[in-house]
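Colleague: Sharing a structure below in structure tokens format, with a few things to ask.
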Amino acid sequence: MEGRMGKGSPFRLLVVYLIFFLLLMFTSSCREKPLRLKRDLILDFLGAERIIEGVSLYDGARLSGRIALPIFQGETVFGVKGSSFGQTVLLTSFEKGGSWLHLRIRLEGEEPAEGEIKINDFQLIRLGLNPGTSWYHLPLPEGVAERGELRLELSNPYHPSFIEMAYLTKGDEVIPENELSELFEIKKALIGERRREGFVLRPGRGVGFFLKPDEGDVLRFYLRGDSARLSVIVHTENRDKVLKTVSARRGKVKRIEIPLSSLRGEVIELIFKAEGSKGKGSIEVISPRIMAPKKRGERGVDLTELRKAANPPPNLIIILLDAARADHFSCYGYHRKTTPTIDRLASEGVIFEHAFSQGAYTIISLPTIMASLYPTTHKIRGQNDRLPEEMVTLAEVLSKNGFITGCFSDSPVISLAHGYGQGFDHFVELFRLRGNPIDPTATPWFVGKVINWVRSLPSGKPFFAFLHIMKPHEPYISPPFFMGMFDKNCWRKPQGDVITLSKIDKEELPITKEDLDHIVALYDGGLAYADHQVGRLISNLKRAKLYENTIFIIIADHGEAFREHGRMLHTTTVYDEMIHIPLIIRFPRRFPVKRRRVDSLAQLIDLAPTICELYGIDPRKLPFEGKSLLPAIFGKEEEGDPYIYSMAMLGRLTVRGGRYKYIYDGKKGMHLLFDLKGDPGERRNIIFGHPLLRKYLYSLLLSWYEETSAKKTGEIKKIKLDKETEERLRALGYIE
């Protein structure tokens, strides 16, 4: 036995090695894992909930004795025909009976005015509004402030007026103005050698942020203060839980980290609440951030084989069909055979089932496609706006990387005058070739123009062609064969001209179901006609032996409505019929890409980064706001929930995740929430049954809006349109 366990015996060495291995594993597990910044909560500060102890509850608050201030600040709602100005604010009351309503209202102009306050359509009071900002403290009659969500409305028939702040109290107690203002101020603090942003809380006050943590997420912040404690509380639909309570000492700065993995996948409110004697001491919460584990590699996508396939680089053709909604393509399941050519392309490539536009009309959507910027960032809004020269476009990037570039535009808002020539070596304004602005027989010209250009190019260099086809955009006029493809009586009224469609949209012209079906058939005929032209282009490319060495991308700039939610045409809403668009990518056979349908979310802002990464250009080094879709193309799911943001005219905004979609309708002051899993048609508004989810999505929407709106991409110059362009814009309904 002694010999077996003696010095240098194999058994003893084995024990030593085992102990050393266990110590090494323990040390590795204790080592701090590297983290990356996932979200700076200061960016969400405007949309956060404000908490004041000792006042009755509203806005979905669940902790005893607190209120939240406010859900909306300074949002204006303008009436359609100048009938009224006003605003709608959502509050949630957990008290019944004689509460008081406190409002801070700003009236623009120099003259006093009279406004009307309603709660849930009950006229509460007509009150005199003074110019500038004023507080109004109103007792509520018995029975008005019931438990649950309240819809507070302010209307003023003559002057713009804003509810800047609103809260409820059980009695007539008024919260001092300086205490309210302090809850909305961002402070700067010096931590080490860096200035960081944060906020100050006094005892009984708090701020709540809305999150959906992922595995490995960590809350990190710095804390300092005097004679107070900070409680970090998580609030869900079912419970409230204190995650950590920390005491602050004068002159001392603490770094706090709290793991959030146990809350992964849940929508939560993360509350920072100061505790202590009322009126004594304060807490500074500095640089609150959500950190996540550092990602390794390229999101699980091996680009080695892709790089080999893309060398030499293939040609690229993007084909945009104007106003083509995805669910009218036969490859997206439509009951009519509208797109046989595009169906064949889809069968050879990748089709994104859930792709969306960032804008419900061309003017705001095209800069997003060209420069991968949100409409709130690029700020192009009207037909007289010109793209800033400082804006970096996809065409410029590809041109600098050896591509010969050409644009063929059939739209008068995608022109050289509008700045879309940036990065293009060749630019053809097809819309100028029409003798009649609405002549459908002019569309085939683009095929000849494209083929002639392609054949003139020198060999050895790839080309990028961007083709904008005006069909199926209104007017819904096509050559006779396509006009009658889905309705043999295609020439009967109503027709798909701009005037008729606008009258139907404004409910100035009554329409039957048969009439609407007839109009949809005309639209579908236009889509089939556009598909036919795509087929002619492909046939010519095959004859020129260019088809197999070309990547094809089929997209639309926006969709089209047929009264699914009361509207026709586009521009006006962010329901799916106006923003759900096709996204189909067909690769040459040598590419290691499986033919598949992608179920994850995609958006037009992601197109330019995806193309750049396909060709070995790092999109992270470009001023793009989108992300590459290569992980989705290769079947790799991204970490966390992706969110898509879109907008339409009149202040209508939306954010959607995989299941839920939230809409803020600035024109009507309405807030809508849809569960797309059970309600893909967006028919049942469930906003009142999910206060925490609604506030989480609203917080995302507001943070996105504020963050992107603050960016600058250069000066937008106004151009004077020539008469020919004005005539074509009028024919398309852009100008009345």
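The values are calculated or read from the model by the stated rules, or taken from the named source; none is laboratory data. These figures come from a predicted structure and were not determined experimentally. We place every Cβ from the backbone using ideal geometry, glycine too, and count neighbours over all the protein chains shown.
Colleague: Any residue at all in the stretch 136-151 that is outside any strand (DSSP E or B), assigned by TED's automatic domain parsing to the domain that holds residue 230 and more than 30 Å from residue 266 (Cβ to Cβ)?
Modeller: Within the stretch 136-151, none of the residues are outside any strand (DSSP E or B), assigned by TED's automatic domain parsing to the domain that holds residue 230 and more than 30 Å from residue 266 (Cβ to Cβ).
Residue by residue, here is whether (1) of a type in the set (Phe, Trp, Tyr); (2) crowded, with 16+ Cβ neighbours inside 10 Å; (3) touching a helix residue (DSSP H, G or I) at 6+ places or on another chain (Cβ under 7 Å); (4) modelled with pLDDT of 80 or more holds:
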{"site": "162", "(1), (2), (3), (4)": "yes, yes, no, no"}
{"site": "169", "(1), (2), (3), (4)": "no, yes, no, no"}
{"site": "176", "(1), (2), (3), (4)": "no, no, no, yes"}
{"site": "180", "(1), (2), (3), (4)": "no, yes, no, no"}
{"site": "190", "(1), (2), (3), (4)": "no, no, no, no"}
{"site": "193", "(1), (2), (3), (4)": "no, no, no, no"}
{"site": "199", "(1), (2), (3), (4)": "yes, yes, no, yes"}
{"site": "203", "(1), (2), (3), (4)": "no, yes, no, yes"}
{"site": "210", "(1), (2), (3), (4)": "yes, yes, yes, yes"}
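Colleague: Looking only at the stretch 378-394, how many residues end up being surrounded by 22 or more Cβ atoms within 10 Å (Cβ to Cβ) and in contact with an Asp or Glu (Cβ under 9 Å, 6 or more places away or on another chain)?
Modeller: 0
Colleague: Which residue out of 560, 508 is in the same structural domain as residue 414 (by TED's automatic domain parsing) and without any contact (Cβ under 8 Å) to a residue 12 or more places away in the chain?
Modeller: 508
Colleague: Can you name every residue in the stretch 672-706 that is more than 18 Å from residue 46 (Cα to Cα) and surrounded by 22 or more Cβ atoms within 10 Å (Cβ to Cβ)?
Modeller: Correct list: 674 only.
Colleague: Does residue 360 satisfy the criteria of being crowded, with 22+ Cβ neighbours inside 10 Å and at positive phi? Let's see the steps before the verdict.
Modeller: Working: crowded, with 22+ Cβ neighbours inside 10 Å: yes; at positive phi: no.
It is false that residue 360 is crowded, with 22+ Cβ neighbours inside 10 Å and at positive phi.
Conditions tested, residue by residue: (1) under 18 Å from residue 210 (Cβ atoms); (2) among the aliphatic types (A, V, I, L, M); (3) modelled with pLDDT of 90 or more.
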| position | (1), (2), (3) |
| --- | --- |
| 674 | no, no, yes |
| 681 | no, no, yes |
| 684 | no, no, yes |
| 694 | yes, no, no |
| 706 | yes, no, no |
| 714 | no, no, no |
| 722 | no, no, no |
| 727 | no, no, no |
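Colleague: Taking residue 351, is it of a type in the set (Val, Ile, Thr) and assigned to a helix (DSSP H, G or I)?
Modeller: No: the conditions fail for residue 351.
Colleague: Kindly state which helices (runs of 4 or more DSSP H) lie completely within the stretch 357-468 and contain at least 3 residues that are among the hydrophobic types (A, V, I, L, M, F, W, C) and over 23 Å from residue 608 (Cβ atoms).
Modeller: 445-456
Colleague: Please state which one of 265, 251, 279 is closer than 30 Å to residue 133 by Cβ, in a loop (DSSP other than H, G, I, E, B) and either modelled with pLDDT under 90 or in contact with a Phe, Trp or Tyr (Cβ under 6 Å, 6 or more places away or on another chain) (or both). Full working, then the answer.
Modeller: On the way: 265 fails: closer than 30 Å to residue 133 by Cβ; 251 fails: closer than 30 Å to residue 133 by Cβ.
It is 279.
Colleague: May I ask you to list pairs of residues, at least six apart or on different chains, whose Cβ atoms are under 7 Å apart, with the first in the stretch 230-254 being in contact (Cβ under 8 Å) with a residue 60 or more places away in the chain and the second being in a strand (DSSP E or B) and among the hydroxyl-bearing types (Ser, Thr, Tyr)?
Modeller: 253/222
Colleague: Does the stretch 581-627 hold any residues that are touching a helix residue (DSSP H, G or I) at 6+ places or on another chain (Cβ under 6 Å), closer than 28 Å to residue 677 by Cβ, among the charged types (D, E, K, R) and buried (at least 24 other Cβ atoms within 10 Å of the Cβ), and which are they?
Modeller: Matches in the stretch 581-627: none.
Colleague: Something else about it: Given the structure, is residue 715 more than 12 Å from the chain's Cα centre (by Cα), assigned to a loop (DSSP other than H, G, I, E, B) and under 21 Å from residue 566 (Cα atoms)?
Modeller: no
Condition check ((1) in a strand (DSSP E or B); (2) at pLDDT 95 or above) across all residues:
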| residue | (1), (2) |
| --- | --- |
| 605 | no, yes |
| 612 | no, yes |
| 627 | no, no |
| 641 | no, no |
| 663 | yes, no |
| 667 | no, no |
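Colleague: Turning to a different aspect of this structure: Residues that are within 29 Å of residue 397 (Cα to Cα) and surrounded by fewer than 24 Cβ atoms within 10 Å (Cβ to Cβ): does the stretch 569-580 have at least one?
Modeller: First, pick out the residues of the stretch 569-580 that are within 29 Å of residue 397 (Cα to Cα): 579-580.
Then drop every residue that is not surrounded by fewer than 24 Cβ atoms within 10 Å (Cβ to Cβ), which leaves 580.
Yes, that holds for at least one residue.
Colleague: Would you tally the residues in the stretch 217-227 being free of Cβ contacts under 8 Å to residues at least 60 places away in the same chain and crowded, with 22+ Cβ neighbours inside 10 Å?
Modeller: If we filter the stretch 217-227 for residues that are free of Cβ contacts under 8 Å to residues at least 60 places away in the same chain, which is where we start, we get 225-227.
Within this subset, residues satisfying the condition of being crowded, with 22+ Cβ neighbours inside 10 Å are 225.
Total meeting the criteria: 1.
Colleague: Do any residues in the stretch 327-338 that are free of Cβ contacts under 8 Å to residues at least 60 places away in the same chain have Cβ atoms under 9 Å from those of residues that are in a loop (DSSP other than H, G, I, E, B), where the two are at least six apart or on different chains, and which pairs are they?
Modeller: 330/336; 330/337; 330/338; 330/339
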